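K.L.:
My questions will all concern the structure given below.
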Amino acid sequence: MQVVTDPVGKILWLSPALPGRTHDLTAARTHKILRICERRGVPVLADMACIGAGDWVTTARRGAPRLKSWQTFRRCRISPNHMSVITKAALTLERQH
């Protein structure tokens, strides 16, 4: 899954799940995240997986832990389609906190 946040880490958008073997840069291109941000003039700060994405993308050494740090997502062995539903539910709960 791809996650778009604002500069302070508030989650703005979650992508539908793709197969786990999908590289992060391929997923970002599939969902047209990079193209949309470039057209709208929104700078992109990404992790090292996005090296080679173009001049518009600045890569960082390490991002703030978010969804990947949740144990639920590390140990999950269910269908990516089911994971999308679970992630949206978790996002709803996080926003109410």
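K.L.:
Looking only at region 36-50, filter to residues that are more than 15 Å from SER15 (Cα to Cα) and assigned to a helix (DSSP H, G or I); which one of those is least open to solvent (accessible area, probe 1.4 Å)?
P.N.:
Here the answer is CYS50.
K.L.:
Could you look through region 10-35, keep only residues that are open to solvent by less than 80 Å² (accessible area, probe 1.4 Å) and in a helix (DSSP H, G or I), and pick out the one that is nearest to ILE51 (Cα to Cα)?
P.N.:
The qualifying residue nearest to ILE51 (Cα to Cα) is LEU25.
K.L.:
Go through region 51-86 and give me each residue that's modelled with pLDDT under 75, polar (S, T, N, Q) and loosely packed, with under 11 Cβ neighbours inside 10 Å.
P.N.:
SER69, GLN71 - these are the residues of region 51-86 that are modelled with pLDDT under 75, polar (S, T, N, Q) and loosely packed, with under 11 Cβ neighbours inside 10 Å.
K.L.:
Next question, about the same structure. State whether the residues of region 40-54 include one that is over 30 Å from ARG77 (Cβ atoms), out of contact with any Pro (no Cβ under 9 Å at 6 or more places or on another chain) and of a type in the set (Lys, Arg).
P.N.:
Within region 40-54 (the criterion being over 30 Å from ARG77 (Cβ atoms), out of contact with any Pro (no Cβ under 9 Å at 6 or more places or on another chain) and of a type in the set (Lys, Arg)), the answer is yes, since at least one residue qualifies.
The values are calculated or read from the model by the stated rules, or taken from the named source; none is laboratory data. Please read all numbers here as calculations on a predicted model, not as lab measurements. Note: ideal-geometry Cβ built from the backbone for every residue, glycine included; neighbour counts use all protein chains shown. Side chains are part of the model used for accessible areas, which takes the heavy atoms of the whole protein and leaves out ligands, DNA and RNA. Shrake-Rupley method; radii C 1.70, N 1.55, O 1.52, S 1.80 Å.
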